[in-house]
Amino acid sequence: MHLCFVDESGTPAKPGAQTPRYFVIAGLVIQEDRWHRASGMLQGLKLIVDITVN
């Protein structure tokens, strides 16, 4: 089985508006048995680059 995670950040601009300028959609598909290792690696990366998670 595969896991799929999709997330967005920002708000799309209304037609004709200049702001907001950015809207990002990202996705990840990963095999279920690889998720725990990948999650640990991402947690380590967050610590290195000092990303705060809400």
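The values are calculated or read from the model by the stated rules, or taken from the named source; none is laboratory data. Note that the structure is a prediction, hence the values are computed from the model and not measured. Here the Cβ is made from the backbone with ideal geometry for all residues, glycine too, and neighbour counts use every protein chain on show. All accessible areas refer to the heavy atoms of the entire protein, side chains included, with ligands and DNA or RNA removed. Shrake-Rupley method; radii C 1.70, N 1.55, O 1.52, S 1.80 Å.
Of note:
- Ile48 open to solvent by 100 Å² or more (accessible area, probe 1.4 Å) and either aromatic (Phe, Trp, Tyr) or touching a strand residue (DSSP E or B) at 6+ places or on another chain (Cβ under 6 Å) (or both): no
- Condition check for Pro15: on the phi < 0 side of the Ramachandran plot, more than 16 Å from the chain's Cα centre (by Cα) and modelled with pLDDT of 80 or more: yes
- Pairs are defined by a Cβ separation below 8 Å, a sequence spacing of at least 6 or placement on different chains, a first member in segment 12-37 that is under 13 Å from His2 (Cα atoms), and a second member that is among the small types (Gly, Ala, Ser) and assigned to a helix (DSSP H, G or I); the pairs so defined are Ile30/Ala38.
- Selection of segment 18-28 for residues being open to solvent by less than 100 Å² (accessible area, probe 1.4 Å) and modelled with pLDDT of 80 or more yields Phe23, Val24, Ala26, Gly27, Leu28.
- All positions within segment 10-28 that are closer than 16 Å to Leu42 by Cβ and of a type in the set (Gly, Ala, Ser): Ala26, Gly27
- Those residues of segment 6-17 which are outside any loop (DSSP other than H, G, I, E, B) and open to solvent by 90 Å² or more (accessible area, probe 1.4 Å), in sequence order: Val6, Glu8
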